[in-house]
Structures are given as C-alpha cells and as structure tokens.
Amino acid sequence: MALDINFAHSFVDGLYASGWEAILPEGELPNPLFLVCQRNNEILRLIIHARRLTAQERSGENPSSHNRPSGELHAQMIFDGDRRGAGNKNTLRFLEGYYTLLLGFYGYNNDFVIAAYDSAHHNVYSYSKSLQLKKESIDRAITTGLTFQIRQSGETVVVFPIDAIDRYLEYIQELHKITEKDIREILQSNDTSLNTKKVFSVTVPKSHTLISQERIRIVQEVGRYIRDRKFEEAIKSVYDRCAICNFQYDYIIDAAHIIPVAKGGMDTYDNGLGLCPNCHRMYDKGLILVDGEGEIYINPFYAEKYDQIGRAGSLTQLQATLRKSLWLPINPQYHPSSVNLKQTFEVQRQLSN
C-alpha cells in the first residue's frame with residue numbers, strides 16, 4: 001500500500017520550514033517510508049507508517065462497511081509486506097537510531113491534519129486493524145493548533161496541523177505520555193473549557209483559525225509544560241530535603257536545573273538539584289555557588305558588595321544555615337554531574353567579576 005505522494009511532500013515541506021532537508025525517492029513511495037533528514041550537523045531518521053483517515057458514516061453515498069459510529073474517522077493498518085489472514089500478526093518497523101511514526105492524515109484546505117498514534121501501543125497488529133479518531137479531534141486541531149484524544153486503552157493520540165510536525169518530533173516522548181490529569185491542568189492554566197468526550201484542546205483562540213507560527217508555538221509550549229512537569233516529579237521523588245541548606249519539608253522542594261534549559265541544559269537527574277525556594281533563587285542568581293565537587297560557597301562578589309553597604313552580617317547568618325557540601329540521594333544514578341556543576345560554577349563566577 002503506497003504512501004500518499006501529496007501527504008509525503010507536505011510532510012517534507014513541514015520539516016523544511018524548520019530547516020530540515022530530506023529527499024523523497026522517485027516514483028511510488030513505500031509505506032512505511034524510511035526518511036533521513038539533515039539540519040546543519042543534525043541527523044533525523046524516521047520510519048513513517050501513514051494511512052489516510054476516512055469518514056465512517058452508516059448512511060449516505062458511501063456507507064461504512066465497518067459499522068462505526070457517525071462522526072468517527074478511521075485508518076486501516078495495511079503496510080508493505082503485511083500478511084493477511086486469521087492468526088497472522090504483523091509488526092511496525094523499528095530500527096535503532098530511528099523514530100517509528102504511526103500517522104493518520106486527513107486532508108484539509110489543500111493540506112493535512114495529522115493524528116499521531118503511539119507506535120508502542122500498536123507494535124503488533126492484525127492485517128487491516130482499524131485506528132479510530134473522532135472527527136471532533138480534527139476540527140479542534142484546525143482551530144486550536146493541538147488536540148489530544150485519550151483512547152480507552154490509555155493511549156494518547158496527538159492531533160495537529162502538519163506544519164507543526166517539527167515541534168511534534170521534538171517533544172514526541174512527552175506528548176504521548178501526557179495523561180488526562182496533565183491535560184486538565186494545562187486547560188486550567190490556559191483558562192479554557194473542558195468537554196467530557198476525552199477530546200481536549202489546549203487553547204481556544206478568538207479567531208477561527210490559527211496562523212502557522214501560532215500552531216507551532218502551541219505544540220512547543222505544551223511539550224515544554226509536560227517536560228517540565230516530568231522533570232519536577234523526577235527530582236522531587238529523590239530529594240527529601242534541600243541539597244544546599246538541608247531544609248526538609250520535601251513537599252515545597254523545587255526542581256532546579258544546574259545548567260538552564262535555555263543554555264542547553266537537559267531535563268535529567270544529572271542536571272538537577274532539589275532545592276528549597278530560597279536556595280533555588282540564590283543559586284540561580286549566583287549568590288550561592290556550588291563547585292564541581294559539590295562544595296558550597298557564598299559568592300565573594302556578593303560578600304564584598306554586601307560588606308560595602310553594611311549588610312555583611314546577613315551573609316554571615318546565611319552562611320551558618322548552609323551545608324558545607326551538597327546533600328545527595330543515596331543512589332548515585334540520581335547524583336548531579338560534576339561537569340554540569342563545574343560549568344555553572346565557572347559561568348557564575350565570571351558573571352560576578
């Protein structure tokens with residue numbers, strides 16, 4: 001079953017708009033399509049399984065043979081090399097170093113809306129297995145830029161216009177792990193209404209249709225929200241006190257980045273510290289320094305500055321509340337990286353000079 005050529009070109013165009021370059025093979029396209037994309041020195045490898053979403057109406061000119069409810073779309077999982085017949089099982093293609101994508105696409109205004117399914121939920125499938133989607137999800141994605149549909153199996157389907165494909169790929173892990181609880185919190189933070197059909201929109205704009213950059217921004221912001229949430233939960237789960245001052249009310253501990261995300265820092269244990277809100281702010285501002293060995297200092301720049309204005313006593317009192325070195329979780333796999341600590345230590349010292 002060949003990959004739709006128009007969808008493939010639109011997909012590549014969506015990546016090209018974000019700086020990725022890819023060349024489609026000539027002639028009929030295989031499905032799945034192995035696609036290698038390049039941006040500067042970055043390489044992105046994709047295995048794209050994609051089928052068209054079609055309406056499932058019980059009546060009309062083309063009644064559905066699948067007896068699905070009105071207002072529902074479906075795509076059949078039929079890909080090159082699949083075996084049909086009772087008892088035969090097929091598998092999605094996975095390869096180390098590649099992202100395996102399972103996509104349904106729906107035509108809209110000479111372009112496409114994508115429903116991205118979680119490939120891990122559909123690794124093994126019967127020939128012509130049906131992937132369902134509410135038509136409402138497509139409509140909401142067109143107007144809001146990003147929609148989630150939670151299926152009964154617990155799978156999170158991510159629905160978005162194709163021009164946001166780059167942002168989807170950037171946050172693919174976070175978006176498919178999003179839960180109904182996460183979505184409700186996002187909706188509350190965006191002051192939007194919540195429907196009861198497990199089709200959730202992130203933001204409802206005043207205009208009927210979002211321009212491309214607004215749709216891309218929404219996918220990015222939601223991905224970051226979920227990534228931040230997961231990082232916070234992970235750090236708080238291993239720090240039962242502030243690593244700098246030993247404050248032990250763990251329910252108000254912050255998850256602090258050692259190297260800020262804006263400076264290339266990752267949302268990983270080795271780039272995180274559990275800190276109380278006060279120490280978090282003082283660490284970020286460079287008033288408190290932590291060297292590569294985890295030793296804790298008051299920044300000499302601020303010590304001199306406070307001394308000049310007659311407030312050295314406050315720093316002396318602060319020093320008395322701090323540990324000599326970081327408190328760390330028992331398990332070494334959760335410890336901060338000495339390389340990350342040293343990098344931030346050097347940056348903060350230079351900024352103070």
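The values are calculated or read from the model by the stated rules, or taken from the named source; none is laboratory data. Since the structure is predicted, the reported quantities are computational estimates derived from the model, not experimental observations. So basically every Cβ, Gly included, is an ideal-geometry build from the backbone, and we count neighbours across all protein chains shown.
So for region 267-275 (the condition being under 26 Å from Ala312 (Cβ atoms), part of a loop (DSSP other than H, G, I, E, B) and either among the hydrophobic types (A, V, I, L, M, F, W, C) or in the same structural domain as Pro332 (by TED's automatic domain parsing) (or both)), does at least one residue qualify? So that I can check it myself, show each step before the final result.
Filtering region 267-275 down to residues under 26 Å from Ala312 (Cβ atoms) leaves 275.
Those still in the list that are part of a loop (DSSP other than H, G, I, E, B) too: none.
Among the residues of region 267-275, not one is under 26 Å from Ala312 (Cβ atoms), part of a loop (DSSP other than H, G, I, E, B) and either among the hydrophobic types (A, V, I, L, M, F, W, C) or in the same structural domain as Pro332 (by TED's automatic domain parsing) (or both), which makes the answer no.
Taking Leu46 as the residue in question, decide whether it is farther than 18 Å from Tyr117 by Cβ, touching a residue at least 24 places away in the same chain (Cβ under 8 Å), surrounded by 18 or more Cβ atoms within 10 Å (Cβ to Cβ) and of a type outside the set (S, T, N, Q).
Values: farther than 18 Å from Tyr117 by Cβ: no; touching a residue at least 24 places away in the same chain (Cβ under 8 Å): yes; surrounded by 18 or more Cβ atoms within 10 Å (Cβ to Cβ): yes; of a type outside the set (S, T, N, Q): yes.
No, not satisfied.
Considering Asp13, Asp4, which residue is buried (at least 16 other Cβ atoms within 10 Å of the Cβ), acidic (Asp, Glu) and under 27 Å from Ala120 (Cα atoms)? Reasoning before the result, please.
Numbers: Asp13 fails: buried (at least 16 other Cβ atoms within 10 Å of the Cβ).
It is Asp4.
Quick check on Leu322: is it in contact with a strand residue (DSSP E or B) (Cβ under 6 Å, 6 or more places away or on another chain) and crowded, with 19+ Cβ neighbours inside 10 Å? Working first, answer last.
On the way: in contact with a strand residue (DSSP E or B) (Cβ under 6 Å, 6 or more places away or on another chain): yes; crowded, with 19+ Cβ neighbours inside 10 Å: no.
When the stated conditions are applied, Leu322 does not pass them.
If you check Gly81 against the conditions, is it assigned to a loop (DSSP other than H, G, I, E, B) and surrounded by fewer than 19 Cβ atoms within 10 Å (Cβ to Cβ)? Don't jump to the end; show me each part of the working.
On the way: assigned to a loop (DSSP other than H, G, I, E, B): yes; surrounded by fewer than 19 Cβ atoms within 10 Å (Cβ to Cβ): yes.
Yes.
Here is a list: Arg241, Arg227. Which entry is assigned to a loop (DSSP other than H, G, I, E, B) and either modelled with pLDDT of 90 or more or more than 19 Å from Val339 (Cβ to Cβ) (or both)?
Numbers: Arg227 fails: assigned to a loop (DSSP other than H, G, I, E, B).
Among Arg241, Arg227, only Arg241 is assigned to a loop (DSSP other than H, G, I, E, B) and either modelled with pLDDT of 90 or more or more than 19 Å from Val339 (Cβ to Cβ) (or both).
Condition check ((1) within 21 Å of the chain's Cα centre (by Cα); (2) within 20 Å of Gly154 (Cβ to Cβ); (3) of a type in the set (A, V, I, L, M, F, W, C)) across all residues:
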{"site": "Glu96", "(1), (2), (3)": "yes, no, no"}
{"site": "Leu101", "(1), (2), (3)": "yes, yes, yes"}
{"site": "Gly104", "(1), (2), (3)": "yes, yes, no"}
{"site": "Asn109", "(1), (2), (3)": "no, no, no"}
{"site": "His121", "(1), (2), (3)": "yes, yes, no"}
{"site": "Val124", "(1), (2), (3)": "no, yes, yes"}
{"site": "Gln132", "(1), (2), (3)": "no, yes, no"}
{"site": "Lys135", "(1), (2), (3)": "no, no, no"}
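If you check Tyr306, Tyr302, Tyr283, Tyr251, which single one turns out to be assigned to a helix (DSSP H, G or I) and at pLDDT 90 or above?
Tyr283
What number of residues within region 277-293 are surrounded by fewer than 18 Cβ atoms within 10 Å (Cβ to Cβ) and not charged (D, E, K, R)?
Our first condition is that a residue be surrounded by fewer than 18 Cβ atoms within 10 Å (Cβ to Cβ); within region 277-293, this holds for 277-278, 281, 284-285, 291-293.
Right, trim to not charged (D, E, K, R) and you get 277-278, 292.
The qualifying residues number 3.
Return the residues of region 313-342 that are part of a helix (DSSP H, G or I) and within 26 Å of the chain's Cα centre (by Cα); say none if nothing qualifies. Steps first, answer last, please.
Initially, region 313-342 is screened for residues part of a helix (DSSP H, G or I), giving 313-321, 332-334, 338-342.
Once the filter is applied, which keeps residues that are part of a helix (DSSP H, G or I) and within 26 Å of the chain's Cα centre (by Cα), region 313-342 yields Gln333, Tyr334, Val339, Asn340, Leu341.
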